[in-house]
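Okay, structure first, notes after.
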Amino acid sequence: MAIDVLDQAIARRDGSLIRAIEDLRSDGRSLVPFEPPEFNAVEETLLEENQLLDPERPSSRWRSLRRGLHAIVPAVRAK
């Protein structure tokens with residue numbers, strides 16, 4: 001899909017990326033809404049403890065990766 005098609009869809013939907021994606025969805029290859037799976041009690045506890053699905057901030061692993069990318073590609077700003 002061309003970027004201008006996406007830009008036009010976003011403009012038609014008052015700047016909403018989500019609504020633009022929904023408008024552009026087709027029968028072929030497309031984005032679909034994420035339906036989280038059911039978790040058992042153990043999985044639920046592990047996910048809650050690790051904040052895997054909704055972290056407060058990126059893990060240090062991502063910060064390290066970003067610093068490494070900054071060394072290779074100056075346009076990537078390390079934080």
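The values are calculated or read from the model by the stated rules, or taken from the named source; none is laboratory data. Here the structure is a predicted model, which means the values were calculated and not measured. Cβ: placed from backbone, ideal geometry, glycine included. Neighbour counts: every protein chain shown.
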> Can you tell me which residues in the stretch 11-31 are among the acidic types (Asp, Glu) and under 20 Å from the mean Cα position of the chain (by Cα)?
Replying inline: Glu22, Asp23
> Can you tell me how many residues in the stretch 32-60 are at pLDDT below 85, outside any helix (DSSP H, G or I) and exposed (fewer than 11 other Cβ atoms within 10 Å of the Cβ)?
Replying inline: 12
